[in-house]
Amino acid sequence: MNCTRRNFLIGGSTTLFLSGYFPKISFASMQKKNLIIISLRGGMDGLTAVPVIGDKRLKKLRKKLILEDVLNLNSDFGLHPKLEIFHKLWQKNQAAFVHATNIPYTGRSHFDGQNLMETGAHIPYKEKTGWLGRGLLASNIIGKGLAISLPMPLLLRGVPQNNNFFPSPDFVETKLIDQIYNEFKGEHNELIKSTLNTIRQRPLSMQIATDSDDRKKLALEAAKQLKDQSGPRVAVFDLDGFDTHAAQGGVDGAHADELEEVNKIVTILYENLGQAFDNTLILTLTEFGRTIKQNGGYGTEHGYGSAILMAGGLLKKSQVYTDWPGLKKKELFEGRDLNSTVDSRAVYNSAMSICFNQDPEFLRKEVFWGDELPDLSQELFKI
Amino acid sequence: MSLKFYRRVAFGLSPNDKPDKDPFNWALNQLDTIPNLLWPGIIPTEKELRKKYGEWVYGDREVLRKKFKNDKHAYKKAKDELRIKTGERYFELNEHAIRHYQTKYSKQPVFERFWLFWGNHFAISEKDFLAEFSTGPYQREIIRPNMVKTFEEMVQSVTTSWCMIHHLDNSESFGPNSKKGMEWRETINENHARELLELHTVSPNAGYTQDDVIQLAYIMTGWAHKWDRKNLETGDIWFDQEMHQKGDKIVLGVKYKNDAKRELAKVIHDLATHPICIKFVSTKLCRHFITDEPTEDIIYPVIEAWNKSNGSLIEIHKAVITQAYKHNENTHKFHPPEIWLMQLSRMFDLNIPLSSEKMNYSFSSKPNRRQRQLSWILREIGHSPYRAKQPNGWSDFEVDWVSPELLLRRFWFSSVELPILVKSGNRSHDFILACLKNNFEDHENMASLIENFRFGTLDYDLGQKYGVICNLPGVLKV
């Protein structure tokens, strides 16, 4: 492990702001750009997904969790073998990772953490809208959010007319909706009426019944929608089950099963977005990472720093972007967790600025209350 | 007075219920006593179910995880067997049956609506195995008996209940200067203290600071479950002096002298009688029954009743009903999926829940499809009551319940699933017309919308009728 602390976070990032930000109006920016967020609930273990290579301390603390057949990324980091699609895209400069990163939350509660990863705030339950919803609103992109879940996720709230897709177990005849649509009159029925309208305007393929437990079908439909030039620009997937307190395992354990789900979604998106994949960014989101040390059940506990998995044609290059804090006891957060050296909200803010053709400085103020979030667009994305 | 009052404060009228001559007093008279639970099947105690919870977590964590360390598949198989043996997949289904049976047949349906309200105000969200074993009995044994006492007494009971303490991690909160805190270098977990302020009593409107949260957490240290090797975290709640932070504490400017376990009752008294708490909870009550954004003049009489009665929940409930009655015609309120389902079940006498005999469970095989049906429906319409995602419970705002898919789920349920739940004697068109007449002033207009299907009695035909009826604006809302 010869990865050392790099001080790129000082300077660099501000130069773009100082030199003034002029969004390029070119053909490329006319093309619809897609931003896809996959929420990994339960606390994704960055060190399982993107393990650091040859760290003796990690080997010692995680005897039963060490991966055998790590895919090679670079001299410092490997990739979990279940994340094959990321490895394939890595060769084409279409996969990258941010490591030792997290939202600025150290409380280790799932509920608070998940609330904060969606609101982007500092105090749990204080904000009622999500950073993605606010970003869309600030960019005046209305009715272009698609959630692959039953309720509208907090992450997307704050902008009206979003759609969601999570079909019921059986077919609903559209004529039923048409039949009663006109019964909704008066101001107090406006919200339901406009939502019924969103339903009526859904493309035929979204009117099918399917098994909502079948994530493959859902991802396929999402890809189809995102590919459409007039379709949604933002999609949100929800996965849970990352809270592996036991039998986390290495290549085949419980955490691997969840990573396999991420891999499936990204594979389907990649294979079905076609050309649109070049104008797409896929980013993961989680509430915290997990402890360095395995516990008595060969699992891990709630921790702090994690990783963001990224894919898509809008990435600058294949890289593990990190200000690596090290894994020595004194380098760990409270002596037990991987530290976070990159506020992951900076990554999301920069990603929104790319996908929504918006000044990152403007978004930072509109979405994140002007919090100190360096612009990472130049480092991470094609601008 | 329009018939919608029966759905605003209760679940509508069943084919056997007749409209009362004096609906206002009909509602008021339901609040003085606690109706018995009517479910004829098993109603296990909180303690019995906690024991089952203990068997499940001990078996999984202490036995199976160690035995099958290196074999994911064998572990999964053994775990599934343990689920069956401990009822891990069963008790929640039974709790849903108890709850829905109550709202369907209770002679005090207005009381039951308040029961649902308080259970959600002091919500237990989806965490560990609480929904499987504990949230149901918590609703029955902690929330329900307190509904004829004061709000303060309710907060006391809730705050020291096993379910809430486990839910919000108070057993993991150590006073840093307590004996155990010093020995084990442990400190507080603020979770429960924060929610006691934010969600259960004064709300952020009180302007408390992080320091107030910490000080309250200090007061709460020591209230924990008894831990032992066999029962793990499922032991009874007690006050462990060795975890309790020593010294005086100050919360919202009030000083609480070092007084061990007595500190908690004192601070709860002050929080539960705080004017901002009274306003916050009164507003929530009005929001639940009257309108998403209740005005000052709607809320004020509730606050007044609260102050006059020193927080008697009976009097507070009566004030809410008075306001709901007064504003019945000029306000609208959207109902979340579970209440909508309960109302359909009562108004059209649907075949849910399953009979108590059929709900019996042998602890030898998985619950069957029919036993899972009601819980499955609740999940599919997006409102599994004991699985709120966050400790703030289910939302009372329409905006949170109106997404394209959540509305489509209601269309799906009423046009596809509901016909299967219509009793064989109730399949005629006249039955539907009678139920509509019983519950809606504009029943003639509603009937005209399904006139085309009047001769059909197949599931498909019933689906066409109920699909329309159940999703009309006057049914989704009052």
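The values are calculated or read from the model by the stated rules, or taken from the named source; none is laboratory data. Values in this document were obtained by computation on a predicted structure and should not be read as measured data. Note that each Cβ is placed from the backbone with ideal geometry, even for glycine, and that neighbours are counted across all protein chains shown.
The table for this structure:
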item: Per-region count, segment A:238-262, residues at negative phi and either modelled with pLDDT under 80 or within 14 Å of chain B (Cβ to nearest Cβ) (or both); result: 17
item: Pair list, Cβ < 6 Å and 6+ apart or interchain, from segment A:103-125 residues that are polar (S, T, N, Q) to residues that are in a loop (DSSP other than H, G, I, E, B) and at pLDDT below 90; result: A:N115/A:P124; A:N115/A:Y125; A:T119/A:E127
item: Residues of segment A:173-213 classified as surrounded by 15 or more Cβ atoms within 10 Å (Cβ to Cβ), at pLDDT 90 or above and part of a loop (DSSP other than H, G, I, E, B), total; result: 2
item: Filter result for the condition that a residue is at the interface with chain B (Cβ under 8 Å from one of its Cβ atoms) and basic (K, R), over A:K126, A:K144, A:K175, A:K193; result: A:K126
item: Verdict on B:Q108 being surrounded by fewer than 22 Cβ atoms within 10 Å (Cβ to Cβ), out of contact with any strand residue (DSSP E or B) (no Cβ under 9 Å at 6 or more places or on another chain) and not aliphatic (A, V, I, L, M); result: yes
item: So A:K216, is it touching a helix residue (DSSP H, G or I) at 6+ places or on another chain (Cβ under 7 Å), at pLDDT below 95, buried (at least 16 other Cβ atoms within 10 Å of the Cβ) and more than 14 Å from chain B (Cβ to nearest Cβ); result: no
item: Tally, over segment B:432-450, of residues that are closer than 18 Å to B:L13 by Cα and free of Cβ contacts under 8 Å to residues at least 40 places away in the same chain; result: 8
item: Strands (runs of 3 or more DSSP E) within segment A:237-339 that include 2 or more residues in contact with a Gly (Cβ under 9 Å, 6 or more places away or on another chain); result: A:280-286, A:306-311
item: In segment B:389-400, residue nearest to A:N115 (Cα to Cα) [restricted to those that are more than 8 Å from every other protein chain (Cβ to nearest Cβ) and of a type in the set (A, V, I, L, M, F, W, C)]; result: B:W394
item: When residues of segment A:147-172 are limited to those that are surrounded by 16 or more Cβ atoms within 10 Å (Cβ to Cβ) and of a type in the set (F, W, Y), the one farthest from the other protein chains (Cβ to nearest Cβ); result: A:F165
item: When residues of segment B:339-373 are limited to those that are within 14 Å of chain A (Cβ to nearest Cβ) and in contact (Cβ under 8 Å) with a residue 12 or more places away in the chain, the one nearest to B:F111 (Cα to Cα); result: B:W340
item: Spans of helices (runs of 4 or more DSSP H) in segment B:281-378 with at least 2 residues surrounded by fewer than 19 Cβ atoms within 10 Å (Cβ to Cβ); result: B:296-308, B:313-326, B:356-359
item: Count of residues meeting criterion [more than 31 Å from the chain's Cα centre (by Cα) and not aliphatic (A, V, I, L, M)] in segment B:425-444; result: 9
item: A:S75 being touching a residue at least 12 places away in the same chain (Cβ under 8 Å) and under 14 Å from the mean Cα position of the chain (by Cα); result: no
item: Entirely in segment A:1-78, the helices (runs of 4 or more DSSP H) that have 2 or more residues that are at pLDDT below 75 and surrounded by 11 or more Cβ atoms within 10 Å (Cβ to Cβ); result: A:13-18, A:27-30
item: Condition check for A:G303: touching a Lys or Arg at 6+ places or on another chain (Cβ under 8 Å) and in contact (Cβ under 8 Å) with a residue 12 or more places away in the chain; result: yes
